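Engineer: Handing you a structure now.
Please treat every number below as a calculation from the coordinates, not as lab data. Remember, it's a predicted structure, so these values are computed and weren't measured experimentally. Note that we place each Cβ from the backbone using ideal geometry, even for glycine, and neighbour counts take in every protein chain shown.
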Amino acid sequence: MQLTNMCTYSRPSNQLEATRSPIIHTYKYKKHRANSTDAQTLISFSPSWLAIIINSISISSMDRWQNRVAVVTGASSGIGSAIVVDLVNAGLIVVGLARRVERVKELQKLVPAERRDKLIPIQCDVGNEASVKAAFDAIEQQLGGIDILINNAGTLQDGRLVDMPISQVQQTVQTNIMGIVMCTQRAFASMKKRNFDGHVVLINSILGHKLFGPTPDVAPQINMYPPSKHAVTAMTEIYRQEFMGLGTRIKITSISPGIVDTEILPDGVREAVQQTMLKAEDVAQAVHFALATPPHMQVHEMIIKPVGELF
C-alpha cells in the first residue's frame, strides 16, 4: 500500500520532556512507580472547564509530539475528524484511517495550507484483520512507526439484544472491541521495539460506565453499544497493567463523553434526548489535554458531560 499525500519530515531522534504546567498540579495525580499498579489519574469535568485548562497549558507541553506520527481510526466524520484536525494543527503527522477515505481527504481543507501534507488518509476497516494489517504495514514502512494511536472507530447499531440480528451484534463486537485489539497490538509493538514512550487513547462512552433506561414513550435502543463500551473500560485497565508489566512507559487513556451530537447518533435518540449535547470538538480537546500531560503523568480515565445531562 502506498501512502497518499506523503509529507517530508525528519522523525525526532529523542523524546523531549514536556514542560510542566502549574495548572496541571491543581489536580490530584500519582507518579509512575516501577513496582506499582497505582499510577493513574481520574478526572471528570465539564467541557467549559476543559477548554480553560487547555488554554492554560503551555504550548511547549506538545513539543514532544512535534512531527511524531499519530494514527486516528474512524477519521472520516464526527469525533475522529475533529481529532485529526486538532492534531494536525498541533504539529503532528496524522494518519487518518477510515473506510470512507475520500472524506478524510476533505479534511485537508480545514487546516492551513502549509500543514496539509501532514494529513495522510488511508482506507481501512478496523474490523477487518487484513485491512488493518495492510494499513499498519504501510505506516511502518513509509513513516517509520506509530507514536500515538487514537482508537476512535465505532459503530452504534439500533435495536434490542433479544431480537437484534446476529450480524449486527457481530459487527458491533468486531468494530468496537476487536478493532481496538488489532490496532493496539500493532501500535504497541511499534512503540516497544523503538523504546518509545507513546500514548494509546481509547474513545469510550459514558455508557461504558453506566446504563440508562429509555424514556416512557421510547422503546429500548442501541442495546449492544453499552456492553461493547463496558468492554473498553475493562480493556483500559488491562492495557495499563500490560504496558507496565512489559517494562514500558507507554500511556493509556480512556475518554468517556456523554451524548455527542454526531452523525452516528440514531434519529430516535436525538429526538428523545431534549438536552444540550457535546460537540465533536469537545472530545478532541479532551484528547489534546491527555496528550499534553507531562511524561510522568497519565490520565487513566476522563469523563466529560454536557452541562445538564440527565444520565
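Engineer: Per residue of the range 254-259, what does 6.51 cos²θ - 1.76 cosθ + 1.60 with θ = phi - 60° give for ³J(HN,Hα)? Whole Hz please, x for Gly and Pro, Karplus curve as stated.
Structural biologist: In residue order, the calculated couplings are 10, 10, 10, x, x, 5 Hz.
Engineer: Would you list PHE196, PHE289, PHE311 from fewest to most Cβ contacts within 10 Å?
Structural biologist: PHE311, PHE196, PHE289
Engineer: Sort ILE83, ILE150 so that the residue with the fewest other Cβ atoms within 10 Å of its own Cβ comes first and the one with the most comes last.
Structural biologist: Neighbour counts put them in this order, fewest first: ILE83, ILE150.
Engineer: A follow-up question, please. Once amide H atoms are built 1.01 Å from N in the peptide plane, which residues 5 or more positions from ILE120, or in another chain, come under 5 Å H to H?
Structural biologist: For ILE120, whose amide H was placed from the backbone, the distant partners under 5 Å are VAL94, VAL95, GLY96.
Engineer: Please compare each pair in LYS210/LYS305; LYS133/LYS279; LYS105/LYS133 to a cut-off of 23 Å on the Cα-Cα distance and tell me which ones are over it.
Structural biologist: Listed pairs above 23 Å: LYS133/LYS279.
Engineer: Still on this structure, I have one more. May I ask you to sort LEU149, LEU291, LEU156 by Cβ crowding, counting other Cβ atoms within 10 Å and putting the fewest first?
Structural biologist: Fewest-to-most ranking of LEU149, LEU291, LEU156: LEU156, LEU291, LEU149.
Engineer: When all alpha-carbon pairs of the range 37-304 are counted, what percent fall beyond 24 Å?
Structural biologist: So the portion of pairs separated by more than 24 Å is 46 percent.
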